[in-house]
Amino acid sequence: MGKNQELKTKHQLLGKTGEQFAQKFLTQIGYKILKTNYRCRHGEIDIVCQDGKTIVFVEVKTRTSEKFGTPSEAVTSRKQNHLHRAAWEYLIKNNLESQPVRFDVLTLSFFSSHPEIEHIIGAF
């Protein structure tokens, strides 16, 4: 396996680990997980869940350092636009267009043995 492939695999593993932590966290605070890794032509939504009657689209960002900025800084306006379009497609496909909707960002920082979690409710 080449160095680029090895880095990609480590990055994917870190992302998957972060998403698993995020799902557990959201479930513990009472959210119902509806779908994970929803993919469509507009991109991917990490977690679709429900908080009461509100459909919540959660972008999960995981980092082991702030070398390239904080995890939440990685959710750029371009990424937000993709998420909005993907969310709209999800709502239409699941007949949920009339439900209240929210976009959260959940960041995990693995700078020590225990991840630091930040849940930004209504991030954009």
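The values are calculated or read from the model by the stated rules, or taken from the named source; none is laboratory data. Owing to the predicted nature of the structure, the values given are computational and were not obtained by experimental measurement. Here Cβ is always computed from backbone atoms with ideal geometry, including for glycine, and neighbour counts include all displayed protein chains. Accessible surface areas use protein heavy atoms only, side chains included; no ligands, DNA or RNA. Shrake-Rupley method; radii C 1.70, N 1.55, O 1.52, S 1.80 Å.
DSSP loop trypsin sites (Lys or Arg not before Pro) in segment 27-108 with at most 11 other Cβ atoms within 10 Å of their Cβ, which ones?
ARG41, LYS53, LYS67
Let me know the charge dipole size of the chain about its Cα centre in debye, to the nearest 20, where only the beta-carbon of Lys, Arg (+1) and Asp, Glu (-1) is charged.
Its charge dipole is roughly 380 debye.
In deg cm²/dmol, rounded to 500, what helix-only [θ] at 222 nm does the chain give when every DSSP H run of at least 4 residues adds -39500 (n - 2.57) and the total is split over its residues?
Taking each H run of at least 4 residues, the total per residue is -12000 deg cm²/dmol.
I'd like the FRET efficiency for ASN37 and HIS114, computed as 1/(1 + (r/R0)^6) with the beta carbon distance as r and R0 of 22 Å, rounded to 0.05.
Given R0 = 22 Å and the Cβ-Cβ separation, E is 0.35.
Counting pairs of alpha carbon atoms under 8 Å apart in space and at least six apart in sequence, what relative contact order in percent does the chain give?
22 percent
List the residues, sorted by chain then number, that are 5 or more residues from ALA123 or on another chain and whose placed amide H is less than 5 Å from its amide H.
Under 5 Å from the amide H of ALA123 lie the amide H atoms of PHE103, ASP104, VAL105, each far enough along the sequence or on another chain.
On the accessible surface of segment 26-124, probed at 1.4 Å, how many percent belong to carbon and sulfur atoms?
47 percent
Cα axis of helix 3-28 to longest principal axis of the chain: angle in degrees, 0 to 90, nearest 10?
It is inclined by approximately 50 degrees.
How far, in nm, would the chain grow between THR27 and PHE124 when pulled straight, counting 0.36 nm per residue and subtracting the alpha carbon separation?
Here the answer is 32.8 nm.
Report the antiparallel proportion of the DSSP beta bridges in the chain as a percent, rounded to a multiple of 5.
Percentage antiparallel, nearest 5: 65.
Could you tell me what fraction of 2.2 N^0.38 Å the Cα radius of gyration of segment 20-64 comes to, as a two-decimal ratio?
1.16
Does anything in segment 93-124 have its amide N under 19 Å from the 7 Å Cα→Cβ label point of LYS10, and if so which residues?
Of the residues in segment 93-124, 108-115 have backbone N under 19 Å from the label point off LYS10.
Counting residues in segment 1-103 as N, plug N into 2.2 N^0.38 Å and put the Cα Rg over that result.
1.16
If you filter segment 77-124 for GluC sites (Glu not before Pro), then keep DSSP loop positions with at most 16 other Cβ within 10 Å, what is left?
Sparse-neighbourhood loop GluC sites (Glu not before Pro): GLU97.
Which of the listed residues, HIS84, ALA123, THR70, is farthest toward the dipole's positive end in the chain, when Lys, Arg count +1 and Asp, Glu count -1 at the beta-carbon?
Of HIS84, ALA123, THR70, it is HIS84.
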